[in-house]
Amino acid sequence: MDLAQKIRVVEDFPKKGISFKDITTLLKDKEAYHYTVDTMVKICKEMGAEIVVGPEARGFVLGAPVAYGLNTGFVLVRKPGKLPAETVRYEYELEYGTDVLEIHKDAIQPGQKVVIVDDLLATGGTALAVTKLVEKLGGIVVGILFVMELRYLNGRKTLEGYNVHSLIQYER
């Protein structure tokens with residue numbers, strides 16, 4: 001299936017010069033959504049995933065069904081103040097400022113093989129922050145899996161040394 005054909009491209013959103021890749025059109029297409037999840041499950045099995053981690057919000061929409069398909073658990077990574085129990089946090093740099101992500105302190109067991117699932121690899125900053133959270137808890141990141149990758153933003157360079165996969169690559 002040509003998944004790129006299922007992604008709506010919106011020019012000049014959220015600002016002029018940006019070519020926004022809208023995954024909602026893929027998600028509402030039952031065959032494309034099932035194919036995407038099934039393909040991600042297959043890749044994660046090959047990586048030996050024992051648990052799936054997904055950052056909010058689209059990482060939830062993709063990571064949870066992947067975890068279900070793998071018969072593993074699913075772990076949420078959220079913005080500060082959204083998780084109810086004790087958390088660990090990771091602060092990371094953005095183009096203009098910083099951001100913070102959190103994970104429950106008991107979410108990952110030391111030595112556990114983790115796959116991170118999200119919708120988009122752009123610059124790689126969010127994915128790197130998630131890997132650092134997993135590693136802080138002693139987890140082993142065996143893979144990072146995305147639906148889409150904007151290759152021209154060089155996110156793989158940020159994630160150098162990690163096993164990175166994407167189902168769709170955009171050169172521009």
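Residues checked against (1) at pLDDT 95 or above; (2) under 14 Å from the mean Cα position of the chain (by Cα); (3) basic (Lys, Arg):
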{"site": "GLN5", "(1), (2), (3)": "yes, no, no"}
{"site": "LYS28", "(1), (2), (3)": "yes, no, yes"}
{"site": "VAL37", "(1), (2), (3)": "yes, yes, no"}
{"site": "MET40", "(1), (2), (3)": "yes, yes, no"}
{"site": "LYS45", "(1), (2), (3)": "yes, no, yes"}
{"site": "GLY48", "(1), (2), (3)": "yes, no, no"}
{"site": "GLU56", "(1), (2), (3)": "no, yes, no"}
{"site": "GLY73", "(1), (2), (3)": "yes, no, no"}
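Would you pick out the residues in region 7-26 that are hydrophobic (A, V, I, L, M, F, W, C) and within 19 Å of the chain's Cα centre (by Cα)? ILE7, PHE20, ILE23, LEU26 - these are the residues of region 7-26 that are hydrophobic (A, V, I, L, M, F, W, C) and within 19 Å of the chain's Cα centre (by Cα). Within region 129-171, the only residue that satisfies the criterion of being surrounded by fewer than 15 Cβ atoms within 10 Å (Cβ to Cβ), among the acidic types (Asp, Glu) and touching a helix residue (DSSP H, G or I) at 6+ places or on another chain (Cβ under 7 Å) is GLU171.
Can you give me the number of residues within region 57-71 that are among the aliphatic types (A, V, I, L, M) and not in a helix (DSSP H, G or I)? Of the residues in region 57-71, 1 are among the aliphatic types (A, V, I, L, M) and not in a helix (DSSP H, G or I). Taking the criterion of being touching a residue at least 40 places away in the same chain (Cβ under 8 Å), assigned to a helix (DSSP H, G or I) and either among the polar types (S, T, N, Q) or closer than 28 Å to GLY73 by Cβ (or both), the residues of region 1-56 that qualify are LEU3, LEU26, THR36, THR39, MET40, ILE43, CYS44, MET47.
If you take the residues in region 62-75 that are surrounded by fewer than 19 Cβ atoms within 10 Å (Cβ to Cβ) and either touching a helix residue (DSSP H, G or I) at 6+ places or on another chain (Cβ under 7 Å) or in contact (Cβ under 8 Å) with a residue 40 or more places away in the chain (or both), which one is nearest to VAL130 (Cα to Cα)? Restricting to residues being surrounded by fewer than 19 Cβ atoms within 10 Å (Cβ to Cβ) and either touching a helix residue (DSSP H, G or I) at 6+ places or on another chain (Cβ under 7 Å) or in contact (Cβ under 8 Å) with a residue 40 or more places away in the chain (or both), the top hit is GLY73. Of the residues in region 125-135, none is modelled with pLDDT of 95 or more and in a strand (DSSP E or B). Set side by side, the residues ILE108, ILE103 differ, and just one is assigned to a loop (DSSP other than H, G, I, E, B), within 24 Å of LYS136 (Cα to Cα) and out of contact with any Lys or Arg (no Cβ under 7 Å at 6 or more places or on another chain), which is ILE108. For the structure I just gave you, tell me whether LYS113 is more than 26 Å from GLU149 (Cβ to Cβ), at pLDDT 95 or above and of a type in the set (D, E, K, R). The answer is no for LYS113.
The values are calculated or read from the model by the stated rules, or taken from the named source; none is laboratory data. Bear in mind that the values here come from a model prediction, so they are computed numbers and not experimental data. Here Cβ is always computed from backbone atoms with ideal geometry, including for glycine, and neighbour counts include all displayed protein chains.
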